[in-house]
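> This is the structure I want to talk about, given as structure tokens.
The values are calculated or read from the model by the stated rules, or taken from the named source; none is laboratory data. On a predicted model such as this, the values are computed, not experimentally measured, just so you know. When we count neighbours, we look across all protein chains shown, and the Cβ atoms used for this are built from the backbone with ideal geometry, even at glycine.
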Amino acid sequence: MSSPLFDLTGKRALITGGSRGLGKAMARGFAEAGAQVMISSRSAEELQAAAAEIAEGLTVRVEWSVADMADRAQVRALAAEAEARLGGVDILVNNAGINNPQAIDEITDEVWDKNVEVDLTSVMGLTRALVPGMKARRWGRIIHISSVLGVGGRLKRNVYCACKAALIGLARASALDLGPYGITVNCLCPGPFLTDMPGKLLNDEEKKYFADRTALKRWASPRELAGPALLLASEAGSYITGEALVVDGGAAINTL
Ligand SMILES: NC(=O)c1ccc[n+]([C@@H]2O[C@H](COP(=O)([O-])OP(=O)(O)OC[C@H]3O[C@@H](n4cnc5c(N)ncnc54)[C@H](OP(=O)(O)O)[C@@H]3O)[C@@H](O)[C@H]2O)c1
């Protein structure tokens, strides 16, 4: 039998961007720990397939819902739908994100606005909508998926770094707002994880460079974020709040 510290039986989790990559891996980790799970993204087809994969071999419920995090009305609707279909949301993982590299003197207003909307504003909007239910139940776990680029920098990642750093500030402030209600708010800061996002953005030389920067000398598989997420989502992490947990195979400590 698994440790009760990590048991999510009876808990209901919403994971945005759960159709692939890190979101899907965290959703599977929560489902394995006994949680009912809802995933969201913009693609019904991808969500349906991902929900079946997440539920495979398990008895828990896996729901899915299409919602574009660039659209504030859809963000509000997702919160209402998750509460209605799951009967409440105890664990929220704000994972959906985009990354459109542009140098500081090349950033267009359009790219800036879209990235800020998806990577930052939707996180505030969804959290704001789901916090009242958590407060009423006096229990909640909120996890924002930031990045090592939220604590450091990288060329041409201006809007991405700005949003990911802002999530850490947001988590710290709301941890203080919500602590009295038994709700923790934290960030996970992943390093190089092999998903579509870096797969599309980086060439082979950059991919090798990223692996070489880590202490472990390799990229992570998405599954390797499921454990850290489970820590922050469960009783095991009950006294961790306002933190930014770096999960990067030792890349950020490698300064020279
Ligand atoms: N992979 C890494 O190395 C790494 C490192 C640090 C941080 N992160 C962060 O981790 C999170 C997940 O990244 P990933 O690597 O798993 O990326 P991914 O494979 O590209 O997955 C991104 C997920 O977000 C969804 N999404 C994107 N735009 C959306 C929108 N406007 N509305 C709703 N859903 C949207 C995608 O589905 P649709 O496109 O179908 O909507 C997909 O489910 C992101 O916040 C990313 O910044 C990743």
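> Take the residues in the range 1-11 that are among the aliphatic types (A, V, I, L, M) and at pLDDT 95 or above, then tell me which one is surrounded by the most Cβ atoms within 10 Å (Cβ to Cβ).
Pass one, the range 1-11, residues among the aliphatic types (A, V, I, L, M): 1, 5, 8.
Checking the rest, the ones that are also at pLDDT 95 or above come to 5, 8.
Values: L5: 12, L8: 24.
My answer is L8.
> Taking the range 85-109 only, how many residues are in a loop (DSSP other than H, G, I, E, B) and more than 16 Å from the ligand (Cβ to nearest atom)? Steps first, please.
Filtering the range 85-109 for residues in a loop (DSSP other than H, G, I, E, B) gives 87-90, 95-101, 103-108.
Checking which are more than 16 Å from the ligand (Cβ to nearest atom) leaves us with 87-90, 103-108.
Residues meeting the conditions: 10.
> So which pairs qualify, if the first residue must be in the range 48-76 and in contact (Cβ under 8 Å) with a residue 40 or more places away in the chain, the second must be in a strand (DSSP E or B) and surrounded by 19 or more Cβ atoms within 10 Å (Cβ to Cβ), the Cβ gap must be under 6 Å, and the two must be at least 6 apart or on different chains?
Listed pairs, sorted by first residue: W64/I39; A67/S40.
> Considering the range 35-69 alone, what residues qualify as being within 9 Å of the ligand (Cβ to nearest atom) and surrounded by 19 or more Cβ atoms within 10 Å (Cβ to Cβ)?
I39, S40, S41, L47, A50, A67, M69
> Still on this structure: Tell me which of these I240 doesn't satisfy, since it passes every other one: (1) within 30 Å of A103 (Cα to Cα); (2) part of a loop (DSSP other than H, G, I, E, B); (3) of a type outside the set (F, W, Y).
Every listed condition holds for I240 apart from (1).
> For the range 35-45, does any single residue satisfy the condition of being part of a helix (DSSP H, G or I) and out of contact with any strand residue (DSSP E or B) (no Cβ under 6 Å at 6 or more places or on another chain)? Even if it seems obvious, please write down each step before you answer.
Filtering the range 35-45 for residues part of a helix (DSSP H, G or I) gives 44-45.
The next check asks that each one be out of contact with any strand residue (DSSP E or B) (no Cβ under 6 Å at 6 or more places or on another chain); those that pass are 45.
Yes, that holds for at least one residue.
> So if I check each of A129, A51, A136, A79, which one is over 26 Å from S238 (Cα atoms) and assigned to a helix (DSSP H, G or I)? Break it down stepwise before answering.
On the way: A129 fails: over 26 Å from S238 (Cα atoms); A136 fails: over 26 Å from S238 (Cα atoms); A79 fails: over 26 Å from S238 (Cα atoms).
Only one candidate passes the filter, namely A51.
> Right, next: Which residue is farthest from R137 (Cα to Cα), if the candidates are limited to the range 1-34 and must be within 16 Å of the ligand (Cβ to nearest atom) and in a strand (DSSP E or B)?
Of everything passing the filter in the range 1-34, T16 is farthest from R137 (Cα to Cα).
So that you can scan it fast, the table gives a plain yes or no per residue for (1) at pLDDT below 95; (2) within 24 Å of S146 (Cα to Cα); (3) of a type outside the set (D, E, K, R):
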{"site": "A13", "(1), (2), (3)": "no, yes, yes"}
{"site": "G21", "(1), (2), (3)": "no, yes, yes"}
{"site": "K24", "(1), (2), (3)": "no, yes, no"}
{"site": "I39", "(1), (2), (3)": "no, yes, yes"}
{"site": "A44", "(1), (2), (3)": "no, no, yes"}
{"site": "I91", "(1), (2), (3)": "no, yes, yes"}
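> Of all residues in the range 213-256 being of a type in the set (S, T, N, Q) and under 16 Å from L92 (Cα atoms), which is surrounded by the most Cβ atoms within 10 Å (Cβ to Cβ)?
Keep residues of the range 213-256 that are of a type in the set (S, T, N, Q), which gives 214, 221, 234, 238, 241, 254-255.
Applying the additional criterion that residues be under 16 Å from L92 (Cα atoms) yields 234, 238, 241.
Details: S234: 22, S238: 13, T241: 20.
Among those residues, the one meeting the criterion is S234.
> Can V93 be described as farther than 20 Å from M197 by Cβ, crowded, with 19+ Cβ neighbours inside 10 Å and of a type in the set (V, I, T)?
Working: farther than 20 Å from M197 by Cβ: no; crowded, with 19+ Cβ neighbours inside 10 Å: yes; of a type in the set (V, I, T): yes.
Here the answer is no, as V93 does not meet what is asked.
> Could I ask something else about it? Out of the residues in the range 205-256 that are of a type in the set (S, T, N, Q) and farther than 27 Å from F6 by Cα, state the one that is modelled with the lowest pLDDT.
Step one: filter the range 205-256 for residues of a type in the set (S, T, N, Q), giving 214, 221, 234, 238, 241, 254-255.
In the following step, the residues that additionally are farther than 27 Å from F6 by Cα were identified as 214, 254-255.
Details: T214: 98, N254: 94, T255: 88.
So, considering only residues that are of a type in the set (S, T, N, Q) and farther than 27 Å from F6 by Cα, the one modelled with the lowest pLDDT is T255.
> When the residues of the range 176-203 are narrowed to those that are without any contact (Cβ under 8 Å) to a residue 40 or more places away in the chain and away from the ligand (no atom under 16 Å from the Cβ), which ends up farthest from D119 (Cα to Cα)? Give the derivation first.
Here is the first cut: in the range 176-203, the residues without any contact (Cβ under 8 Å) to a residue 40 or more places away in the chain are 177, 180, 194, 198-200, 202-203.
Next cut, away from the ligand (no atom under 16 Å from the Cβ) only: 177, 180.
Details: D177: 21, P180: 27 Å.
Per the criteria, the residue is P180.
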